Amino acid sequence: MADTEGAAAPEHSHEGETRRDFLQLATGAFGAVGVAAVAWPFIQQMNPAADTLALATIEIDISKIEIGQAIKVKWRGKPVFIRHRTKAEIDAAKAVKAGDMIDPQDDSARVKKPEWLVLVGVCTHLGCIPLGTSRGETKGDFSGWFCPCHGSHYDTSGRIRKGPAPRNLEVPEYSFVSDTVVKIG
Amino acid sequence: MAQFQKPAWLDNSLVRWVDHRLPIFTFMSHELYEYPTPRNLNYWWNFGSLAGIVLVIMIVTGITLAMHYTPHTELAFDSVERIMRDVNYGWLIRYVHMNGGSAFFIVVYIHIFRGMYFGSYKSPREILWILGVVILLLMMATAFMGYVLPWGQMSFWGATVITNLFSAIPLVGDWVVTLLWGGFAVDNPTLNRFFSLHYLMPFVLVGVIVLHIWALHAHGSNNPVGIDTKGEQDVIPFHPYYTVKDMFGLGVFLILFAGFIFFAPNFFGEPDNYIPANSLSTPAHIVPEWYFLPFYAILRAVPANFIGEWTTAWMGFILIEAKLAGVLAMFGSIAVLFVLPWLDRSPVRSSRFRPMYKWFFWIFLIDCLVLGYIGAKPAEGIFIMIGRVATAWYFLHFIAVIPLLAKFEKTKELPKSISEPVLGSGGGGATGASAKPMEKA
């Protein structure tokens, strides 16, 4: 369009062109900002809503979990394993050498109190829930957990030792509110 | 003088490659860059494209709301409240959708009255007009079902009243109503089907709008003078001239629209709809949304013992009862629009050259506003009488005034062409004072 303008009125062409270019750029930029401002709420509405976030923290009473026992609780729609480890399990977890692990990590880095192991119960391979929490379930070759989907074996610290999973079971953000209550999230 | 030329980007090799296989760019060029539009369109011609944009806003916000809404009688109200309080920007998206409904009707009503004032429904645009009335009906059905979804008191009782209208149908009325409800009252099955259809209808609307625009582009826009374009001096390309004008109008519209959304979001709403639906307690005063008020007034205007007794005496048995008469009047008030092109046989389109029709147009517009006012008032005292007179005038306007004017009105002389009053040498011989050449073209 600027071309035809220039051809029709050569004496104004230079001035007219820069002004029109400026106006078009300014309009375009203004429009782009507007579109972004409108798009933002529509993208943001897909994120967790306030009530969903309000449920993101839970408190668990762990006083009833005997040594050697584990429970499964739901947190943010996913299972969390809480295991009251035996002395033998703690020792086994501490004794593993880094070279034997796929994702080397010290047991002490994965627990706040050695007898309590808290893990997100989702296999790091493709998201299945590993067996080994409830009584009678197979615990795999390393006495921790075993994922039935593709055969990942986790040890008594929830670390991946064998199978296709790339990383150790995730440790969620948690804290001890008291000796018997754990707050997750 | 305006240039009608294909845009430069049509020569781009990628564009040409695609266009050779799917001529979408040729189509765009033809309908935007080469599409001739009367050069004298005023701002009343903004409202068609504006309505289209509002529909897009409604579809985008509606699809978003559906991601958070639950169509169940026990969950619907709370899910809407959750949208308002918890969902990120849910309040904004819902208020845009809520006020968008009202904005859609404002824009479309202006669009319709513009068509009536300038005679846009006349040959060869009858089908264009009829498709427009179909769009209006679809919009009304969509809006009605959408209003039921929040499951507040007005939602529930509005749905009850409107679906009960169908019980007026002779013989099969009750059967039809049960079929609509999917039960024996407005309940969960009703809510479910309304949600399903409320989601579907906008896309049906889009389809009819495509036909509407197709019909429009067959002969091009009517214009304020109401005479056909007679050559290149009467037209300018749609793009950029009217795209830019439409964008400006859109800007003004959006400022007003944002004003309502942010400063008076419940201006068009009823407070009662923030009370959860209660099937055991009817609100004291049921009113439909404002855009249905004129039709609601017509529904209530038919006297309870007028046509009923009259037909009883005549036919010996009740063929029409008052309820049915009211329903027929209400649907008739829209049905009459379908035949408007054939009721108005005046060859002159624009009111500018119809000194009498122009007055009756304004009287009709006021009549519609009066009906809207009456629709919001309780049916008692003076309001009943005003409602009846206004309803009678509504129909008289179409079945008596318009045909008679077409026959007896003395219309003013039409200009020779659109450009002639401006340029002075439009099509053929110039006449009178209007032949003066103007400085600005």
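Coordinate-derived values only; no laboratory data. Given the structure is predicted, the values throughout are model-derived calculations rather than measurements. Neighbour counts are summed over all protein chains in view; Cβ atoms, including those assigned to glycine, are modelled from backbone coordinates with ideal geometry.
Indicate the gyration tensor shape class of the stretch B:30-171 (rounded, prolate or oblate), computed on the Cα atoms with a ≥ b ≥ c the square roots of the eigenvalues: a/c under 1.5 is rounded; otherwise a/b larger than b/c is prolate and the rest oblate.
The shape class here is oblate.
What is the log10 of I(q)/I(0) for the stretch A:21-105, computed with the Debye formula using one identical point scatterer on each Cα and no solvent, at q = 0.11, 0.14, 0.20 Å⁻¹?
Calculated log10 I(q)/I(0) at the listed q: -0.65, -0.78, -1.03.
I'd like the trypsin sites (Lys or Arg not before Pro) in the stretch A:69-123 restricted to DSSP loop residues with at most 13 other Cβ atoms within 10 Å, sorted by number.
Of the trypsin sites (Lys or Arg not before Pro), the ones in loops of the stretch A:69-123 whose Cβ has at most 13 other Cβ atoms within 10 Å are A:LYS97, A:LYS112.
Compute the long axis of helix B:126-148 from its Cα atoms, compare it with the longest principal axis of the Cα atoms of chain B, and write down the angle in degrees, 0 to 90, nearest 10.
Rounded to the nearest ten degrees, it is 30.
As a quick test, which of the pairs A:LYS64/A:LYS139; B:LYS323/B:LYS358; B:LYS122/B:LYS323; A:LYS72/A:LYS97; B:LYS230/B:LYS412 have an alpha carbon distance above 31 angstrom in this structure?
Too far apart for the 31 Å limit: B:LYS323/B:LYS358; B:LYS122/B:LYS323.
So if I take the alpha carbon set of the stretch B:1-80, get Rg, then get Rh from the Kirkwood formula, what is the Rg over Rh ratio?
1.24
Suppose we look only past 27 Å in the calculated P(r) of the stretch A:42-172. What percent of the Cα-Cα pairs does that tail hold?
21
Pairing the Cα long axis of helix B:355-376 with the longest principal axis of chain B, what angle in degrees results, from 0 to 90 and rounded to the nearest 10?
Taking the Cα atoms of chain B, the angle to B:355-376 is about 30 degrees.
At R0 = 41 Å, how high is the FRET efficiency between B:TRP44 and A:THR57 if r is their beta carbon distance? Nearest 0.05 is fine.
0.10
Using the Karplus equation 6.51 cos²θ - 1.76 cosθ + 1.60 (θ = phi - 60°), what ³J(HN,Hα) coupling, rounded to whole Hz, does each residue of the stretch A:27-43 give in order, writing x for Gly and Pro?
Taking θ as phi minus 60°, the curve returns 4, x, 5, 4, x, 4, 4, x, 4, 5, 5, 6, 5, 3, x, 6, 7 Hz for the stretch A:27-43.
How much FRET efficiency would the formula 1/(1 + (r/R0)^6) give for A:LEU25 and B:PHE248, where r is the Cβ-Cβ distance and R0 is 25 Å, rounded to 0.05?
0.85
Between rounded, prolate and oblate, where does chain B land on the alpha carbon gyration tensor, with a ≥ b ≥ c its root eigenvalues, rounded for a/c under 1.5, else prolate if a/b exceeds b/c?
Because a/c hits 1.5 or more and a/b fails to exceed b/c, chain B counts as oblate.
Round to the nearest 10 and give me the degree value, 0 to 90, for the angle of helix B:153-165's Cα axis relative to the longest principal axis of chain B.
80
Over chain B, what is the mean sequence separation of C-alpha contacts under 8 Å (at least six apart), divided by residue count, expressed as relative contact order in percent?
Once divided by the residue count of chain B, the mean separation gives 20 percent.
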